[in-house]
């Protein structure tokens, strides 16, 4: 393993609070819009977020090539100060590619990497070896990523508990929304291993169960509500946040998140094919959901 490990990084800064999994902004020709990307990141941090996650599910990572991924991590590092954390999604179907993505992300300034399980072949028996091989060689710490919506299975609590003992695996993001699954992961939580939720609809309950924060897509367009749930455990804020998370993020996906960003005055823009833009009716629903949640809309 590289001489740089989780023990060289302040875990309390790396994995707690509200982190924003940012969208990847494209211009009209479909290429990266790095200026809009950096502007969004600065706005998220100014709103009070504790860190930024790039090239994740909300960032359309499967639709990006290697050069684009590296470019986004580099652009984000320039926008994210050292007292906030930058995490890069690096999940890939092959162990070899995942290890390469980890090196590229580290070289461009990522503090840690978020690693979704390979799932195309569905080889659950190989997951332990896959994660161990990546963690052994990654120059920066790993955060496991459980997202059954895309993986079509969940990491078992037993596997997570075993991987949590690896010195270069420092946490897990659980986007299942299943509080029983989250509770199973929380049994592995320690000073060296942190559990975060990725589900905005159950954010308050996850915190009450012991999660130390969240990497929340809903937070990129509803930062104030997300931070209020985190800091004050506000039930009122959670009630306003839940429809945004369940409807815009859960049902409409990346296109919904980007539309919401446009509505609140940040940069959303187009999605990349094969993702499709929202219909006129769906766009109207996004606007109404934001209005009901009492979020300020751009003119």
For this session: Within the range 124-146, identify whether any single residue is assigned to a loop (DSSP other than H, G, I, E, B), more than 17 Å from residue 99 (Cα to Cα) and either at pLDDT 95 or above or in contact with a helix residue (DSSP H, G or I) (Cβ under 7 Å, 6 or more places away or on another chain) (or both), and answer yes or no.
Result: no
Seminar exercise, completed: Note: among 42, 69, just one is in contact with a helix residue (DSSP H, G or I) (Cβ under 8 Å, 6 or more places away or on another chain), assigned to a helix (DSSP H, G or I) and surrounded by fewer than 17 Cβ atoms within 10 Å (Cβ to Cβ), namely 42
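Listed here are the residues, each with its yes/no results for (1) touching a strand residue (DSSP E or B) at 6+ places or on another chain (Cβ under 9 Å); (2) buried (at least 17 other Cβ atoms within 10 Å of the Cβ); (3) assigned to a loop (DSSP other than H, G, I, E, B).
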| residue | (1), (2), (3) |
| --- | --- |
| 229 | yes, yes, no |
| 241 | no, yes, no |
| 244 | no, yes, no |
| 258 | no, yes, no |
| 268 | no, yes, yes |
| 274 | no, no, yes |
| 281 | no, no, no |
| 284 | no, no, no |
Exercise. Which of the residues spanning the range 190-211 are part of a loop (DSSP other than H, G, I, E, B) and surrounded by 15 or more Cβ atoms within 10 Å (Cβ to Cβ)?
Worked result: 192, 193, 198, 199, 211
For this session: Determine if the range 114-123 includes at least one residue that is within 18 Å of the chain's Cα centre (by Cα), assigned to a loop (DSSP other than H, G, I, E, B), surrounded by fewer than 24 Cβ atoms within 10 Å (Cβ to Cβ) and touching a residue at least 40 places away in the same chain (Cβ under 8 Å).
Result: no
Exercise. Within the range 215-224, is there a residue that is in contact with a strand residue (DSSP E or B) (Cβ under 8 Å, 6 or more places away or on another chain), touching a residue at least 24 places away in the same chain (Cβ under 8 Å), under 19 Å from residue 21 (Cα atoms) and part of a strand (DSSP E or B)?
Worked result: yes
Exercise. So which pairs qualify, if the first residue must be in the range 67-83 and under 17 Å from residue 49 (Cβ atoms), the second must be at pLDDT below 95, the Cβ gap must be under 8 Å, and the two must be at least 6 apart or on different chains?
Worked result: 83/13
For this session: Could you list all residues from the range 72-93 that are in contact with a helix residue (DSSP H, G or I) (Cβ under 9 Å, 6 or more places away or on another chain) and more than 19 Å from residue 43 (Cα to Cα)?
Result: 89, 90, 91, 92
For this session: Hey, could you check the range 152-189 for residues that are in contact with a strand residue (DSSP E or B) (Cβ under 7 Å, 6 or more places away or on another chain) and assigned to a loop (DSSP other than H, G, I, E, B) and say which is farthest from residue 136 (Cα to Cα)?
Result: 176
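The values are calculated or read from the model by the stated rules, or taken from the named source; none is laboratory data. Just so you know, these numbers come straight off a predicted model, no measurement behind them. Note: ideal-geometry Cβ built from the backbone for every residue, glycine included; neighbour counts use all protein chains shown.
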